[in-house]
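**Student:** This is the structure I have questions about; it appears just below.
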2 protein chains.
Amino acid sequence: MNYSYVSHLICPKCSTTCNITEPQHLCTCGSPLLVEYDLETLAEEWSPADLRDRPADLWRYHELLPLQDPAYKTSLGEGMSPLVPLPNLQEDMDIRQLHMKDEGIIPTGSFKARGAAVGVSKAKELGVKELAMPTNGNAGAAWSLYAARASLESTIVMPVDAPKITRNECALSGANLYLVDGLISDAGRIVGKAVEEHGLYDVSTLKEPYRIEGKKTMGLEIAEQLGWEVPDVILYPTGGGVGLIGIYKALKELQHLGWIKSDKMPRLVAVQSEGCAPIVEAWNQGLRSSSFWENSETIAFGINVPKALGDFLVLDALYETEGCAIAVDDASLLDEQKRIAQKEGAFVCPEGAAAFLAARKLRETNWINADDHVVVLNTGAGIKYPDTVNIEIPILNPGEELQSKG
Amino acid sequence: MNYSYVSHLICPKCSTTCNITEPQHLCTCGSPLLVEYDLETLAEEWSPADLRDRPADLWRYHELLPLQDPAYKTSLGEGMSPLVPLPNLQEDMDIRQLHMKDEGIIPTGSFKARGAAVGVSKAKELGVKELAMPTNGNAGAAWSLYAARASLESTIVMPVDAPKITRNECALSGANLYLVDGLISDAGRIVGKAVEEHGLYDVSTLKEPYRIEGKKTMGLEIAEQLGWEVPDVILYPTGGGVGLIGIYKALKELQHLGWIKSDKMPRLVAVQSEGCAPIVEAWNQGLRSSSFWENSETIAFGINVPKALGDFLVLDALYETEGCAIAVDDASLLDEQKRIAQKEGAFVCPEGAAAFLAARKLRETNWINADDHVVVLNTGAGIKYPDTVNIEIPILNPGEELQSKG
């Protein structure tokens with residue numbers, strides 16, 4: 001058996017193929033590239049039983065990942081995050097079964113670790129010495145820390161307003177970190193120039209093909225954790241949408257391998273903020289690509305992406321699975337965040353709270369049925385966003401007593 | 001097979017036994033109580049093969065945990081945190097093999113989740129309605145969130161200076177949260193009075209017997225992750241010391257069961273800060289208990305415990321395993337924290353950094369040998385402590401370019 005059954009790269013727009021032995025970025029047509037595997041051979045040589053004694057991390061699926069030589073594996077133990085049942089919340093929402101895929105329980109505290117682990121490992125295998133990216137925070141944190149582990153240099157540019165904790169993570173990793181007094185698009189322009197002029201390896205969202213493969217493992221894990229079944233609905237907070245693209249890709253690959261027996265596909269839901277909802281607008285109009293969202297703003301910083309490079313792949317996944325796109329408002333998502341903590345003891349990130357709120361709203365309109373099985377992605381730990389919680393707390397003097405038990 | 005093989009509680013000081021069917025706190029002699037199991041029967045009926053298909057969380061060891069009815073299990077998927085190899089750091093320290101048990105990869109972002117999961121589950125089983133505790137932050141965060149999940153009320157009192165993120169976690173959980181303009185000892189007095197007057201269930205460190213059992217699972221996991229072998233040295237940042245007591249208890253139980261074949265026990269190391277080192281002082285003098293450390297102060301807030309209720313159990317574990325106790329200074333542990341991020345991509349908490357620094361120092365004095373296998377506990381995620389990182393970062397205007405690649 002091979003360590004990986006990766007075969008080549010393909011452009012989902014113009015079907016051009018590329019090799020996986022050299023660094024690749026976008027297709028000449030401008031589209032992101034997708035990774036293809038020899039699924040025919042893999043279906044014959046690999047079965048779920050092979051996973052039985054493997055560690056509970058994303059590398060248990062190495063046959064379906066692009067890294068060819070395990071010597072370059074760069075891992076901090078990421079993956080197999082818990083799929084947590086939420087009995088109290090499902091009752092509150094009147095949904096038969098509700099699970100949270102909790103991506104707060106992962107190195108660097110967000111799902112970005114998956115893309116970084118696989119992306120950095122492959123970059124190292126390809127002989128890359130230094131990578132560069134713009135970031136709204138979590139991606140930069142993950143990529144710079146995994147780069148440090150792989151002894152790669154990294155150049156990271158982030159808006160000054162990005163969450164301070166993610167800035168700390170980049171700084172501590174020893175990255176060449178710059179803040180820009182502007183938006184992620186400004187950071188992107190600065191990185192683009194630096195890539196051109198200094199020959200850095202561009203790991204901006206979807207500008208290298210391997211991040212999707214890391215994110216894909218969320219889909220592989222959900223299927224495995226449900227005994228190789230799929231739920232009825234999966235909700236995903238959507239900025240760049242890489243996770244949604246990846247989950248869809250994973251489930252199709254598992255069907256192709258025969259590991260998921262039915263041809264049922266969950267309805268995929270892209271959740272955005274009302275302050276930045278380009279995918280929702282495109283979906284409402286039945287379009288296959290989105291338009292740049294002017295003056296975007298939301299407390300859910302991770303989904304503040306005015307125009308995603310892979311928007312057409314996200315929209316395709318929504319149409320093909322009979323899913324939908326929905327936007328929620330910031331104030332209500334903060335209420336939902338509090339409700340989840342009080343009912344289930346989970347402190348989700350604002351992006352995750354947005355996805356839960358979307359489930360609630362879609363249930364209210366009966367788009368989600370009472371007997372559906374719903375999985376919500378919480379893409380990061382709530383503790384990374386200390387400024388989203390504002391609750392008045394009484395202060396006592398050392399000698400004081402509590403007047404009542406509460 | 002029973003779900004649990006728990007039998008009774010025993011006082012390690014005066015050998016008094018108590019039942020496990022009613023709420024219990026300290027022994028009448030003032031000592032914490034320890035949980036005993038029917039290890040003879042368990043050894044006959046249970047083997048490592050039984051774990052093979054169980055989920056990767058701490059409940060895989062339920063036979064060796066105190067909860068008797070799984071209906072009361074209160075879980076957010078905690079446990080089986082990664083045991084991460086650190087090839088770059090081990091070379092830097094000249095140690096044959098160095099692993100980090102990364103307790104940042106767990107619900108609530110700290111190892112306190114283990115004690116809370118098991119403690120809250122058992123409290124629920126015992127019919128408790130409301131619990132109370134003083135906290136320096138992480139324990140309160142974990143217990144209040146797990147209490148929320150179990151639909152128990154909680155009253156939490158913490159110093160105003162405790163890390164803001166942990167305060168957020170408690171507040172968001174819906175706990176009755178109070179800040180005290182003083183130290184954890186002041187918080188403890190307020191909770192003590194409230195427990196007396198309002199009949200709350202006291203879950204202060206070691207005042208209920210089940211938190212140790214949750215922490216114990218770190219030891220069970222280390223042994224399983226190493227293929228039922230033990231390392232030569234385990235270093236643990238020591239405040240209340242519950243984790244160290246638990247790990248020692250776990251390894252002895254595994255030896256008793258015959259799962260660990262050799263009678264070798266790792267040398268256990270209690271790591272403290274120079275600003276609060278009561279265990280180190282006691283160990284240096286060969287004493288079996290510690291004295292209150294006046295005016296304690298350290299940036300590693302979690303190990304700022306001037307006098308631990310279980311100090312004698314910690315010291316016993318050090319003497320019995322030929323371990324030691326060592327203190328490190330705050331400035332050097334922050335340097336170590338940065339070094340770990342840059343060499344291994346791991347952002348550890350200050351307490352974890354203290355333990356790594358202790359390993360480095362013990363290697364320098366040859367207390368740790370070059371051919372030892374060393375495991376360091378990182379007790380929480382570095383992202384929970386945003387104020388420990390202070391690095392100057394250049395700010396660019398949107399139109400600017402990077403002058404060099406770095």
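The values are calculated or read from the model by the stated rules, or taken from the named source; none is laboratory data. These numbers come from a predicted model, not from an experiment. Neighbour counts are summed over all protein chains in view; Cβ atoms, including those assigned to glycine, are modelled from backbone coordinates with ideal geometry.
**Student:** Working only within the range A:4-20, note down all residues that are touching a residue at least 12 places away in the same chain (Cβ under 8 Å) and under 16 Å from A:Leu126 (Cα atoms).
**Tutor:** Selection gives A:Ser4, A:Val6, A:Ser7, A:His8, A:Leu9, A:Cys18, A:Ile20.
**Student:** Condition first: over 18 Å from the mean Cα position of the chain (by Cα), away from every other protein chain (no Cβ under 14 Å), farther than 30 Å from A:Asp161 by Cβ and small (Gly, Ala, Ser). Can you find one or more residues in the range B:304-318 that meet it? Break it down stepwise before answering.
**Tutor:** First pass over the range B:304-318, keeping only residues over 18 Å from the mean Cα position of the chain (by Cα): none.
No, every residue in the range B:304-318 fails to be over 18 Å from the mean Cα position of the chain (by Cα), away from every other protein chain (no Cβ under 14 Å), farther than 30 Å from A:Asp161 by Cβ and small (Gly, Ala, Ser).
**Student:** Between a first residue in the range A:70-94 that is under 13 Å from A:Val374 (Cβ atoms) and at pLDDT 95 or above and a second residue that is charged (D, E, K, R) and surrounded by fewer than 23 Cβ atoms within 10 Å (Cβ to Cβ), which pairs have beta carbons less than 6 Å apart while being 6 or more apart in sequence or on different chains?
**Tutor:** A:Leu89/A:Lys343; A:Met93/A:Arg360; A:Met93/A:Arg363
**Student:** Just to be sure before I move on: is A:Gly174 surrounded by fewer than 24 Cβ atoms within 10 Å (Cβ to Cβ), touching a strand residue (DSSP E or B) at 6+ places or on another chain (Cβ under 9 Å) and either in a strand (DSSP E or B) or at the interface with chain B (Cβ under 7 Å from one of its Cβ atoms) (or both) in the structure I sent? Don't jump to the end; show me each part of the working.
**Tutor:** Numbers: surrounded by fewer than 24 Cβ atoms within 10 Å (Cβ to Cβ): yes; touching a strand residue (DSSP E or B) at 6+ places or on another chain (Cβ under 9 Å): yes; either in a strand (DSSP E or B) or at the interface with chain B (Cβ under 7 Å from one of its Cβ atoms) (or both): yes.
Yes; evaluated as a whole, the condition is true for this residue.
**Student:** Sticking with this structure for a sec: Select from the range B:79-116 the residues that are at the interface with chain A (Cβ under 8 Å from one of its Cβ atoms) and not aliphatic (A, V, I, L, M) and write down the one among them that is surrounded by the fewest Cβ atoms within 10 Å (Cβ to Cβ).
**Tutor:** Filtering the range B:79-116 for residues that are at the interface with chain A (Cβ under 8 Å from one of its Cβ atoms) and not aliphatic (A, V, I, L, M), the one surrounded by the fewest Cβ atoms within 10 Å (Cβ to Cβ) comes out as B:Asn88.
**Student:** Among the candidates B:Gly199, B:Gly188, B:Gly182, B:Gly192, which residue alone is free of Cβ contacts under 8 Å to residues at least 24 places away in the same chain, more than 9 Å from chain A (Cβ to nearest Cβ) and out of contact with any Lys or Arg (no Cβ under 7 Å at 6 or more places or on another chain)?
**Tutor:** Numbers: B:Gly199 fails: more than 9 Å from chain A (Cβ to nearest Cβ); B:Gly188 fails: free of Cβ contacts under 8 Å to residues at least 24 places away in the same chain; B:Gly182 fails: more than 9 Å from chain A (Cβ to nearest Cβ).
Selected residue: B:Gly192, the only one of B:Gly199, B:Gly188, B:Gly182, B:Gly192 that is free of Cβ contacts under 8 Å to residues at least 24 places away in the same chain, more than 9 Å from chain A (Cβ to nearest Cβ) and out of contact with any Lys or Arg (no Cβ under 7 Å at 6 or more places or on another chain).
**Student:** In addition: Among A:Ala358, A:Ala370, A:Ala381, which is in contact with a Leu (Cβ under 6 Å, 6 or more places away or on another chain) and either within 7 Å of another protein chain (Cβ to nearest Cβ) or hydrophobic (A, V, I, L, M, F, W, C) (or both)? Walk me through how you get there before you give the answer.
**Tutor:** Values: A:Ala370 fails: in contact with a Leu (Cβ under 6 Å, 6 or more places away or on another chain); A:Ala381 fails: in contact with a Leu (Cβ under 6 Å, 6 or more places away or on another chain).
Being in contact with a Leu (Cβ under 6 Å, 6 or more places away or on another chain) and either within 7 Å of another protein chain (Cβ to nearest Cβ) or hydrophobic (A, V, I, L, M, F, W, C) (or both) holds for just one of A:Ala358, A:Ala370, A:Ala381, which is A:Ala358.
**Student:** Sticking with this one: B:Leu64: crowded, with 21+ Cβ neighbours inside 10 Å and either more than 29 Å from B:Gln342 (Cβ to Cβ) or in contact with a Phe, Trp or Tyr (Cβ under 7 Å, 6 or more places away or on another chain) (or both), yes or no?
**Tutor:** Values: crowded, with 21+ Cβ neighbours inside 10 Å: yes; either more than 29 Å from B:Gln342 (Cβ to Cβ) or in contact with a Phe, Trp or Tyr (Cβ under 7 Å, 6 or more places away or on another chain) (or both): yes.
So B:Leu64 fits the description; yes.
**Student:** Taking the range B:32-41, which residues are assigned to a helix (DSSP H, G or I) and within 18 Å of B:Gly246 (Cβ to Cβ)? Break it down stepwise before answering.
**Tutor:** From the range B:32-41, those assigned to a helix (DSSP H, G or I) are B:39-41; that's our starting set.
Once the filter is applied, which keeps residues that are assigned to a helix (DSSP H, G or I) and within 18 Å of B:Gly246 (Cβ to Cβ), the range B:32-41 yields only B:Leu39.
**Student:** What is the number of the single condition among (1) under 20 Å from B:Val242 (Cα atoms); (2) outside any loop (DSSP other than H, G, I, E, B); (3) not aliphatic (A, V, I, L, M) that B:Pro23 does not meet?
**Tutor:** Of everything listed in (1) under 20 Å from B:Val242 (Cα atoms); (2) outside any loop (DSSP other than H, G, I, E, B); (3) not aliphatic (A, V, I, L, M), B:Pro23 misses just condition (2).
**Student:** Let me ask something else about it. With respect to B:Leu76, determine if the residue is touching a strand residue (DSSP E or B) at 6+ places or on another chain (Cβ under 8 Å), within 14 Å of another protein chain (Cβ to nearest Cβ), within 23 Å of B:Tyr146 (Cβ to Cβ) and among the hydrophobic types (A, V, I, L, M, F, W, C).
**Tutor:** Numbers: touching a strand residue (DSSP E or B) at 6+ places or on another chain (Cβ under 8 Å): yes; within 14 Å of another protein chain (Cβ to nearest Cβ): yes; within 23 Å of B:Tyr146 (Cβ to Cβ): yes; among the hydrophobic types (A, V, I, L, M, F, W, C): yes.
When the stated conditions are applied, B:Leu76 passes them.
**Student:** Can I ask one more? What's the total number of residues in the range B:240-264 that are part of a loop (DSSP other than H, G, I, E, B) and either closer than 27 Å to B:Pro350 by Cα or touching a strand residue (DSSP E or B) at 6+ places or on another chain (Cβ under 9 Å) (or both)? So that I can check it myself, show each step before the final result.
**Tutor:** Here is the first cut: in the range B:240-264, the residues part of a loop (DSSP other than H, G, I, E, B) are B:240-241, B:258-264.
Checking which are either closer than 27 Å to B:Pro350 by Cα or touching a strand residue (DSSP E or B) at 6+ places or on another chain (Cβ under 9 Å) (or both) leaves us with B:240-241.
Result for the range B:240-264: 2.
**Student:** How many residues does the range B:119-135 hold that are farther than 17 Å from B:Leu58 by Cβ and surrounded by fewer than 24 Cβ atoms within 10 Å (Cβ to Cβ)? Explain how you work it out, then say what you get.
**Tutor:** Within the range B:119-135, the subset farther than 17 Å from B:Leu58 by Cβ is B:126-135.
Applying the additional criterion that residues be surrounded by fewer than 24 Cβ atoms within 10 Å (Cβ to Cβ) yields B:126-130.
Number satisfying all stated conditions: 5.
**Student:** Can I ask one more? Looking at the range A:152-162 only, could you name the residues that are surrounded by fewer than 24 Cβ atoms within 10 Å (Cβ to Cβ), touching a Lys or Arg at 6+ places or on another chain (Cβ under 7 Å) and more than 8 Å from chain B (Cβ to nearest Cβ)?
**Tutor:** Selection gives A:Leu152 alone.
**Student:** More than 19 Å from the chain's Cα centre (by Cα), closer than 27 Å to B:Leu33 by Cα and not in a helix (DSSP H, G or I) - does that describe any residue in the range B:324-335?
**Tutor:** Looking through the range B:324-335, none of the residues is more than 19 Å from the chain's Cα centre (by Cα), closer than 27 Å to B:Leu33 by Cα and not in a helix (DSSP H, G or I).
**Student:** Still on this model: Limited to the range A:357-386, what total is found for residues that are among the hydroxyl-bearing types (Ser, Thr, Tyr) and more than 30 Å from B:Asp387 (Cα to Cα)? First the steps, then the outcome.
**Tutor:** At the first step, the residues of the range A:357-386 found to be among the hydroxyl-bearing types (Ser, Thr, Tyr) are A:365, A:379, A:385.
Filter again for more than 30 Å from B:Asp387 (Cα to Cα), leaving A:365.
The number of residues fulfilling the criteria is 1.
**Student:** Is it true that A:Leu206 is outside any helix (DSSP H, G or I) and more than 7 Å from chain B (Cβ to nearest Cβ)? It would help to see each step written out before you state the result.
**Tutor:** On the way: outside any helix (DSSP H, G or I): yes; more than 7 Å from chain B (Cβ to nearest Cβ): yes.
Taking the combined requirement at face value, the residue satisfies it.
**Student:** Can you run down the residue pairs with Cβ atoms below 6 Å, 6 or more apart or on separate chains, where the first is in the range B:279-294 and more than 25 Å from B:Gly182 (Cβ to Cβ) and of a type in the set (Lys, Arg) and the partner is modelled with pLDDT of 95 or more and surrounded by 15 or more Cβ atoms within 10 Å (Cβ to Cβ)?
**Tutor:** If the second residue must be modelled with pLDDT of 95 or more and surrounded by 15 or more Cβ atoms within 10 Å (Cβ to Cβ), the pairs left are B:Arg288/B:Phe312; B:Arg288/B:Leu315.
**Student:** Return the residue satisfying two criteria in turn: it lies in the range A:42-61 and is in a loop (DSSP other than H, G, I, E, B) and basic (Lys, Arg), and of such residues it is surrounded by the most Cβ atoms within 10 Å (Cβ to Cβ).
**Tutor:** Step one: of the range A:42-61, the residues in a loop (DSSP other than H, G, I, E, B) are A:46-47, A:52-57.
Now narrow it down to the ones that are basic (Lys, Arg): A:52, A:54.
On the way: A:Arg52: 10, A:Arg54: 12.
Top of the filtered list is A:Arg54.
**Student:** Sticking with this one: More than 7 Å from every other protein chain (Cβ to nearest Cβ), crowded, with 18+ Cβ neighbours inside 10 Å and modelled with pLDDT under 95 - does that describe any residue in the range B:385-396? Can you show your working first?
**Tutor:** Here is the first cut: in the range B:385-396, the ones more than 7 Å from every other protein chain (Cβ to nearest Cβ) are B:385, B:387-388, B:390, B:392.
Keeping just the survivors that are crowded, with 18+ Cβ neighbours inside 10 Å gives B:385, B:388.
Pick out the ones that are also modelled with pLDDT under 95 and you get B:385, B:388.
For the range B:385-396, residues more than 7 Å from every other protein chain (Cβ to nearest Cβ), crowded, with 18+ Cβ neighbours inside 10 Å and modelled with pLDDT under 95: present.
**Student:** Against the definition (crowded, with 24+ Cβ neighbours inside 10 Å, at pLDDT below 95 and either under 20 Å from the mean Cα position of the chain (by Cα) or closer than 29 Å to A:Leu334 by Cα (or both)), how does B:Ile165 come out, yes or no?
**Tutor:** For B:Ile165, the condition - crowded, with 24+ Cβ neighbours inside 10 Å, at pLDDT below 95 and either under 20 Å from the mean Cα position of the chain (by Cα) or closer than 29 Å to A:Leu334 by Cα (or both) - is met.
**Student:** Looking at the range B:134-151, I want the residues that are under 13 Å from B:Leu177 (Cβ atoms) and at the interface with another protein chain (Cβ under 9 Å from one of its Cβ atoms) and have a partner that is modelled with pLDDT of 95 or more and assigned to a loop (DSSP other than H, G, I, E, B) with Cβ atoms under 6 Å, at least 6 apart or on another chain. Which pairs are those?
**Tutor:** Matching pairs, first to second residue: B:Ser144/B:Ser173; B:Ser144/B:Ala175; B:Leu145/A:Gly345; B:Leu145/B:Ser173; B:Ala148/A:Gly345; B:Ala148/B:Ser173; B:Ala148/B:Gly174.
**Student:** Another one. May I ask you to list the residues in the range A:152-179 that are small (Gly, Ala, Ser) and in contact (Cβ under 8 Å) with a residue 24 or more places away in the chain? Steps first, please.
**Tutor:** Of the range A:152-179, the ones small (Gly, Ala, Ser) are A:154, A:162, A:171, A:173-175.
A:Ser154, A:Ala162, A:Ser173, A:Gly174, A:Ala175, listed by residue number.
**Student:** How many residues does the range B:218-239 contain that are part of a loop (DSSP other than H, G, I, E, B) and either surrounded by fewer than 24 Cβ atoms within 10 Å (Cβ to Cβ) or of a type in the set (Val, Ile, Thr) (or both)?
**Tutor:** If we filter the range B:218-239 for residues that are part of a loop (DSSP other than H, G, I, E, B), which is where we start, we get B:226-232, B:238-239.
Still in the list and also either surrounded by fewer than 24 Cβ atoms within 10 Å (Cβ to Cβ) or of a type in the set (Val, Ile, Thr) (or both): B:226-232, B:238.
Of the residues in the range B:218-239, 8 are part of a loop (DSSP other than H, G, I, E, B) and either surrounded by fewer than 24 Cβ atoms within 10 Å (Cβ to Cβ) or of a type in the set (Val, Ile, Thr) (or both).
**Student:** Can I ask one more? Taking into account only those residues within the range B:337-354 that are surrounded by fewer than 24 Cβ atoms within 10 Å (Cβ to Cβ) and either polar (S, T, N, Q) or more than 9 Å from chain A (Cβ to nearest Cβ) (or both), which is farthest from B:Pro237 (Cα to Cα)?
**Tutor:** Ranking the candidates gives B:Gln342 first.
**Student:** Another one. Being under 14 Å from A:Leu309 (Cα atoms) and either loosely packed, with under 11 Cβ neighbours inside 10 Å or touching a strand residue (DSSP E or B) at 6+ places or on another chain (Cβ under 9 Å) (or both) is the filter here, so list the residues in the range A:10-25 that pass it. Steps first, answer last, please.
**Tutor:** Filtering the range A:10-25 for residues under 14 Å from A:Leu309 (Cα atoms) gives A:11-13, A:25.
Within the range A:10-25, A:Cys11, A:Pro12, A:His25 qualify.
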